[in-house]
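First up is the structure itself, then whatever we jot down about it.
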Amino acid sequence: MKLKTVDAILDRALIGCDVSPEEGVFLLKQTDPKAIAAIQITADKLRHAQAGDTVTYIINRNINFTNICEQHCSFCAFRRDDGDTGAYWLDWTQILEKSQDAVKRGATEICMQGGLNPQAQINGKSLPYYLKLVETIKQEFPQIHLHAFSPQEVQFIARVDGLEYVDVIAALRDAGVGSMPGTAAEVLDDEVRRVLCPEKINTATWLEIISTSHRLGLHTTSTMLSGHIETPEQQIGHLEKLRSLQKTAINQGYPARITEFILLPFVGQEAPKSLRRRVGRDQPILADALLLGAVARIYLGNWIPNHQPSWVKLGLAGATEALTWGCNDIGGTLMEEHITTMAGALGGTCMEVETLQAAIASLGRPYQQRDTLYQKVGS
């Protein structure tokens, strides 16, 4: 296929056409400042058309309930073995205290994920432990939305207990989980995963668990860990899989779908040495993240209208700039954030609502609090 010029691809995108994988790769490989500026302008126009000018944010709290993990992902500075310095595992009282603090501070969501701790069991089973995590919070705070447990955690529970994914997801949903984080995606390419996270679920399993969640009525998010060893072709392959997944949810009439796409640029400062050497830098390159975010908007926006940068990874200034490259949401307050911070990110662990609002207002754009499923909260 002879690739069209940048302008021809962007013109087609602006009239609502999906760009092809080859066109997506072509856009990502642009180095001419004029071409990159045209991509930014197009992404911003599509953001306006698909999501409007109001920038949304959520008041939420992260609870990473343990960092003890049986896996050894090459990029992870968060995990510990049991007994290591810095290893922790929150008890029920601590979980409740953090939840209570979140509610007091106006949170509508608790995002809960943790390491794959083989000891996290009740009566020799994994699922009852996770159900108790959910019930501990929901019995006390029924109004809070629990955005909890990645596809990797679902697979872990299913493997330990000898269950089907569908049974694990249904049990978590029935206990009170409101939606599933689309994390553990890293890059949905098994060559990349063999280097980055060889013990993690493969691409097909991630896609299967997310699609099963949609079928069972649990909305999910979607993510990409970018800027390490992956190629533009692999980045677009990842976006294509997400787009196909969303098309399936819509075309099959599933009750749930992907609510947002979040780009997570790689922070390597505390990553294991072998990966740091291979990547060659400690902090994300903002220009690369902005271009990829813009192409993601062009590629996915017809199907996944909400796009969010990571202020934890890019810093607030970088995330604010991303709002002019196709993003329409600035994410959440988080209140505490361990995984990226332990990797050496400079963005901080907590953001006040007023700080997020001021960042959005600095662009002359209106802001609006939203809930996990992008419904308006308050006036």
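No value in this document is a laboratory result; all are computed from the given coordinates. The structure displayed is predicted, hence computed values, not measured ones. Here the Cβ positions follow ideal geometry from the backbone for every residue, glycine too, while neighbour counts run over all protein chains shown.
Numerical summary
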item	result
Paramagnetic reach from Arg278 (point 7 Å along Cα→Cβ, amide N under 17 Å) across segment 157-197	185-197
Free-standing Cys residues across the chain, given no other cysteine C-beta under 4.7 angstrom	Cys17, Cys69, Cys111, Cys327, Cys350
Rg and Dmax [Cα atoms of segment 54-369; Å; Rg one decimal, Dmax integer]	18.4, 56
Residues Ser274, Ser310, sorted so that the one with the fewest Cβ neighbours within 10 Å comes first	Ser274, Ser310
Residues Phe261, Phe149 arranged by fewest to most Cβ contacts within 10 Å	Phe149, Phe261
Fewest-first sequence of Ile157, Ile36, Ile122, Ile262 by Cβ atoms within 10 Å of each Cβ	Ile122, Ile36, Ile262, Ile157
Over the chain: helical MRE at 222 nm, DSSP H runs n ≥ 4 each giving -39500 (n - 2.57), nearest 500	-14000 deg cm²/dmol
In segment 1-146, lysine pairs with alpha-carbon atoms under 22 angstrom apart (chain gap of 8 or more, or interchain)	11
